[in-house]
Amino acid sequence: MNLRFTVVTVTYNAGEVLRKTIQSVVEQKYLPYEYIIIDGASTDKTLDIVEEYRVKFESLGIKLTVVSEKDNGVYFAMNKGIHYATGDFISFLNAGDWYETDALKQVNDCYRENEFDLFYGGIHYYNTDGSVVNKMSKDDKNGIVTSRHWNHPSMFLRSELYKDAPFNEEFRIYSDFELYLRMRKKNIEIFVYDGIISNFVAGGISTNPNFKFVCMRAKEKYKAYRVNKYSRFYWFESYGWEFLKCLYFACKKGRKKKN
């Protein structure tokens with residue numbers, strides 16, 4: 001069986017970086033079934049850039065859906081993408097991020113060998129200073145469940161699971177991880193791929209070293225564990241990891257200023 005993939009990109013005034021994202025979709029060795037762009041009523045050239053690719057999508061037989069209207073945040077927009085999706089599996093590709101050219105082929109090949117409900121793999125993680133590290137995924141089946149071993153930019157989930165249990169919009173940062181924790185509590189097949197699927201560019205609130213944002217992220221991550229009935233000991237993982245991230249990005253920022 002060959003899978004029909006739905007790729008969703010949520011965007012707002014991201015015209016400067018959107019081309020690279022769209023280009024990585026149309027250059028896939030195994031083409032997606034559909035590409036959905038959920039735009040928050042951008043005022044830049046975002047929609048013009050999307051329209052430049054419409055003929056290309058049609059020639060490749062990829063269904064293109066574009067929705068542009070004001071929304072209530074990232075996870076609200078992502079849930080809207082889930083609503084419109086009609087493929088077998090859904091993946092989210094942020095504006096500015098991009099797939100490896102064989103990303104969808106690798107997912108499809110893995111599925112043909114061993115069917116699964118949820119898939120995730122490694123990513124190239126682009127730091128704000130331009131350096132790149134490989135953030136490889138690991139199987140946490142018999143150990144501590146942590147976001148360090150999981151990458152949402154490389155995750156593919158069955159459409160019906162996304163539709164039955166969409167993102168919790170009470171979360172601002174860790175709703176994707178909370179959803180992953182929810183999925184782990186279900187009796188579903190999870191496949192962890194030992195290879196790179198996508199490229200993620202760091203930035204925004206998720207990497208801001210400001211103490212206020214560090215505490216906010218730690219609190220929300222711990223909440224994600226607790227609402228899914230994980231141990232209170234995950235407080236240490238939540239706060240410890242966020243403060244380590246704070247030190248890491250603060251050091252990166254300091255080195256960048258020196259240079």
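Here are the numbers:
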{"item": "Enumeration of residues in region 22-61 that are within 19 Å of the chain's Cα centre (by Cα), assigned to a helix (DSSP H, G or I), among the β-branched types (Val, Ile, Thr) and buried (at least 19 other Cβ atoms within 10 Å of the Cβ)", "result": "22, 25"}
{"item": "Residue tally, condition in contact (Cβ under 8 Å) with a residue 24 or more places away in the chain and either crowded, with 17+ Cβ neighbours inside 10 Å or more than 16 Å from the chain's Cα centre (by Cα) (or both), over region 158-179", "result": "15"}
{"item": "Members of region 180-201 that are closer than 18 Å to residue 139 by Cβ and surrounded by 17 or more Cβ atoms within 10 Å (Cβ to Cβ)", "result": "180, 181, 183, 190, 191, 192, 193, 196, 197"}
{"item": "Among residues of region 117-143, those that are of a type in the set (Val, Ile, Thr) and surrounded by 17 or more Cβ atoms within 10 Å (Cβ to Cβ), counted", "result": "1"}
{"item": "Answer residue from region 68-116, given it is in a helix (DSSP H, G or I) and charged (D, E, K, R) and is surrounded by the most Cβ atoms within 10 Å (Cβ to Cβ) among those", "result": "80"}
{"item": "Every residue from region 4-21 that is part of a helix (DSSP H, G or I) and of a type in the set (Lys, Arg)", "result": "19, 20"}
{"item": "Candidate set: region 224-245, residues that are within 21 Å of the chain's Cα centre (by Cα) and closer than 22 Å to residue 128 by Cα; chosen: the one modelled with the lowest pLDDT", "result": "245"}
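Residue-wise test of (1) of a type outside the set (Asp, Glu); (2) without any contact (Cβ under 8 Å) to a residue 12 or more places away in the chain; (3) over 17 Å from residue 160 (Cα atoms).
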position	(1), (2), (3)
55	yes, yes, yes
58	no, yes, yes
98	yes, no, yes
105	yes, no, yes
125	yes, no, yes
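The values are calculated or read from the model by the stated rules, or taken from the named source; none is laboratory data. Keep in mind that this is a model prediction, so the values were computed, not measured. Counting neighbours? That spans all protein chains shown, and the Cβs are built from the backbone with ideal geometry, glycine included.
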